[in-house]
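For reference, the structure I am asking about is given below.
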Amino acid sequence: MEELATVTEISHGNITVVSQIKSTCNSCSQVNNCANGQVAKAIPHKKLSFTLGKPKSLNKQIIGVGDSVLLTVPEEDVLSSAWQVYLLPILGLFSFSALGQWLVQKAIIPHELIAIVIGSVGGYLGYRLAKKLQSDPIKQKNLQPKILRVLPKPLEVNNISES
């Protein structure tokens, strides 16, 4: 996954970049008929700013304020993280709900309300497991954006003469 950003500050080997947050609603053909499109139009686009360390692969390259850089986050790490955050609570909810329903059918627990509580506990346990897996420092480091490369500045043309 790649994103374009602009360098706004450089200090002590750290680079502060700003990236425009994009809404996909502007490119949809139904933007005028949908509530999400109306909300996207009403709320101004925001900018995301964060500070990164200068990568060792760019030590020979000079980075200045105003330069455009290409940021990247490994796609497999993002997908792995999304899988854990979204699916683990749902899997916990479904599996514990099935267990609770089975316990009701076998008359081990007297009421379906208890089965609902068991399902909710499963969803919460899935959430806690996902949170624990996401708090791993190695995983957090892998999800930090990195500067892939500095994009060349466009050429400035002041005079065009015909020969």
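The values are calculated or read from the model by the stated rules, or taken from the named source; none is laboratory data. Please read all numbers here as calculations on a predicted model, not as lab measurements. Note that we place each Cβ from the backbone using ideal geometry, even for glycine, and neighbour counts take in every protein chain shown.
Quick check: is even one residue across region 109-117 in a loop (DSSP other than H, G, I, E, B), touching a strand residue (DSSP E or B) at 6+ places or on another chain (Cβ under 8 Å) and surrounded by fewer than 14 Cβ atoms within 10 Å (Cβ to Cβ)?
As a first pass, look at region 109-117 and keep what is in a loop (DSSP other than H, G, I, E, B): 109-111.
If we keep only those that are touching a strand residue (DSSP E or B) at 6+ places or on another chain (Cβ under 8 Å) too, we end up with none.
So far as region 109-117 goes, no, none of its residues is in a loop (DSSP other than H, G, I, E, B), touching a strand residue (DSSP E or B) at 6+ places or on another chain (Cβ under 8 Å) and surrounded by fewer than 14 Cβ atoms within 10 Å (Cβ to Cβ).
Given I63, I10, which one is surrounded by 11 or more Cβ atoms within 10 Å (Cβ to Cβ), part of a loop (DSSP other than H, G, I, E, B), more than 14 Å from the chain's Cα centre (by Cα) and at pLDDT 70 or above?
Testing whether each residue is surrounded by 11 or more Cβ atoms within 10 Å (Cβ to Cβ), part of a loop (DSSP other than H, G, I, E, B), more than 14 Å from the chain's Cα centre (by Cα) and at pLDDT 70 or above leaves just I63.
Checking E76 against (1) modelled with pLDDT of 90 or more; (2) within 25 Å of the chain's Cα centre (by Cα), only one condition comes out false. Which one?
Answer for E76: the failing condition is (1).
Report, ordered by the first and then the second residue, all pairs with beta carbons closer than 8 Å, sequence separation of six or more or different chains, a first member in region 144-163 that is under 16 Å from V73 (Cα atoms) and at pLDDT below 65, and a second member that is assigned to a loop (DSSP other than H, G, I, E, B) and hydroxyl-bearing (S, T, Y).
Qualifying pairs under 8 Å: none.
Give the residue that is surrounded by the most Cβ atoms within 10 Å (Cβ to Cβ), with candidates limited to residues of region 66-83 that are of a type in the set (G, A, S) and not in a helix (DSSP H, G or I). Steps first, please.
Of the residues in region 66-83, the ones of a type in the set (G, A, S) are 66, 68, 80-82.
Adding the requirement that they be not in a helix (DSSP H, G or I) leaves 66, 68.
Working: G66: 9, S68: 15.
Only one residue fits best here, namely S68.
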